[in-house]
Amino acid sequence: MKTDSTLELKISFFLRAGVIFAGVLIALGWILKFRLHLNPFFNFQTYDPIPLQDLVSFHRQRGDYAALLSYAGLAALICLPLFRVLLTAFLFFRQREFALAAIASGVFLILLLAMGLGLEL
């Protein structure tokens with residue numbers, strides 16, 4: 001049982017490090033955006049529904065790495081709950097709690113499906 005609590009602690013540290021990493025990426029992107037542009041909120045004055053793939057390629061073509069850093073941080077932050085559910089399912093499998101592992105795996109698949117249906121590429 002000691003190894004399982006150690007594994008839970010490692011998962012906890014991984015999630016904390018992931019949140020800090022995502023926050024640093026977002027903060028760096030915003031700081032660079034503030035330094036490079038006079039009015040960084042100009043893009044938010046009107047809403048244009050642009051698919052994510054087009055938006056990322058647009059920023060890549062322009063060399064707008066500040067926006068790309070912010071998007072990478074947001075993607076990391078969004079993926080952290082997925083990793084948490086996946087690691088929890090792994091932990092339940094390891095502890096031979098197969099009913100809880102199946103539930104966690106089902107939640108993981110539902111989250112993937114929901115994110116896939118909500119993402120417009």
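If the condition is being over 19 Å from the mean Cα position of the chain (by Cα) and in a helix (DSSP H, G or I), then segment 91-121 contributes 91, 92, 93, 94, 98, 99, 100, 101, 102, 103, 106. Restricting segment 11-59 to residues that are of a type in the set (Val, Ile, Thr) and more than 19 Å from the chain's Cα centre (by Cα), the residue that is modelled with the lowest pLDDT is 46.
The set of residues in segment 60-73 being at pLDDT 85 or above, under 20 Å from the mean Cα position of the chain (by Cα) and among the small types (Gly, Ala, Ser) consists of 70, 72, 73.
The values are calculated or read from the model by the stated rules, or taken from the named source; none is laboratory data. The structure presented is a predicted model; accordingly, all values stated were derived computationally and were not measured.
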